[in-house]
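Okay, structure first, notes after.
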Amino acid sequence: MPQLEASLELDFQSESYKDAYSRINAIVIEGEQEAFDNYNRLAEMLPDQRDELHKLAKMEQRHMKGFMACGKNLSVIPDMGFAQKFFAKLHENFKVAAAEGKVVTCLLIQSLIIECFAIAAYNIYIPVADAFARKITEGVVRDEYLHRNFGEEWLKANFEASKAELEDANRQNLPLVWQMLNEVADDARELGMERESLVEDFMIAYGEALENIGFTTREIMRMSAYGLAAV
Ligand code: FE
Ligand code: FE
């Protein structure tokens, strides 16, 4: 079992592990904060689903607190400045789309891209996490599937009207995912997570979502790898 070997080699108290953790932990905390803000913003945009979206936002806030505890448990101070820069472009794209009332783009950014990014990262992290963080992350990742499902269901119900905007938003935002994954590749490896596995798991999670929404296999292949060759 290679995963087990990898986790035995990790020294959670080493300076190099804690240094990488200060950025990865910050990214995760910031990601949950972004998700909290985004679902609250979506609640304003979709008044019919307000209660449900507020519920999702509250879950994200709980996730954030859980991951803050993970950093504290390892005596790591998260580098929040780094994490805010890391999310800046995606954050800006969501903000612009929300201001323009583009619900479809906002759902693609939050419920598809950010949730699938989280699902991939948390699933790859769980086998190599310390015992405390593993337990928390296992609980969190279950919620992230529910959040992705919210976006899937809405977009599926509005598929024909959303399709063109989804493809457009995909072209605009998916290349950012590959950039972000590259940016954290070295720190992720220090924690026992390989970039290739993260890319694979993201594409699987994102492809599943596109399939559930109603895209054809050909469209999924084209969309889920968009911009990957360029990085
Ligand atoms: Fe979350
Ligand atoms: Fe989520």
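Values for this structure:
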{"read-out": "Tally, over the range 193-222, of residues that are surrounded by fewer than 20 Cβ atoms within 10 Å (Cβ to Cβ), out of contact with any Phe, Trp or Tyr (no Cβ under 7 Å at 6 or more places or on another chain) and either among the charged types (D, E, K, R) or at pLDDT 95 or above (or both)", "value": "19"}
{"read-out": "Selected residue (criterion: farthest from the chain's Cα centre (by Cα)) from residues of the range 74-106 that are among the charged types (D, E, K, R) and not in a helix (DSSP H, G or I)", "value": "Glu100"}
{"read-out": "From the options Val76, Val103, Val140, residue that is at negative phi, hydrophobic (A, V, I, L, M, F, W, C) and surrounded by fewer than 20 Cβ atoms within 10 Å (Cβ to Cβ)", "value": "Val103"}
{"read-out": "Test: residue in the range 156-173 that is closer than 23 Å to Ile27 by Cα, surrounded by 16 or more Cβ atoms within 10 Å (Cβ to Cβ) and within 16 Å of ligand 2 (Cβ to nearest atom)", "value": "no"}
{"read-out": "Pairs with Cβ under 6 Å, 6+ apart, first in the range 21-34 and over 12 Å from Asp187 (Cβ atoms) and hydrophobic (A, V, I, L, M, F, W, C), second assigned to a helix (DSSP H, G or I) and within 12 Å of ligand 1 (Cβ to nearest atom)", "value": "Ile29/Met64; Ile29/Phe67"}
{"read-out": "Hits in the range 147-163 (condition: of a type in the set (D, E, K, R) and more than 19 Å from the chain's Cα centre (by Cα))", "value": "Lys156, Glu160, Lys163"}
{"read-out": "Some residue of the range 155-163 being within 20 Å of Ala35 (Cα to Cα) and in contact (Cβ under 8 Å) with a residue 12 or more places away in the chain", "value": "yes"}
{"read-out": "Lys95 vs. criteria more than 26 Å from Phe12 (Cα to Cα), in contact (Cβ under 8 Å) with a residue 40 or more places away in the chain and more than 16 Å from ligand 2 (Cβ to nearest atom)", "value": "no"}
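Listed here are the residues, each with its yes/no results for (1) within 29 Å of Met64 (Cα to Cα); (2) charged (D, E, K, R); (3) within 16 Å of ligand 2 (Cβ to nearest atom); (4) in a helix (DSSP H, G or I).
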residue	(1), (2), (3), (4)
Tyr122	yes, no, yes, yes
Asp143	yes, yes, yes, yes
Val177	yes, no, yes, yes
Glu183	yes, yes, no, yes
Ala188	yes, no, no, yes
Ser197	yes, no, no, yes
Met221	no, no, no, yes
Gly227	no, no, no, no
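Residue-wise test of (1) at pLDDT 95 or above; (2) away from ligand 1 (no atom under 16 Å from the Cβ).
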position: Leu4; (1), (2): no, yes
position: Glu9; (1), (2): no, yes
position: Leu56; (1), (2): yes, no
position: Phe82; (1), (2): yes, yes
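The values are calculated or read from the model by the stated rules, or taken from the named source; none is laboratory data. The structure displayed is predicted, hence computed values, not measured ones. Glycine also receives a Cβ, built like all others from the backbone with ideal geometry; neighbour counts cover every protein chain displayed.
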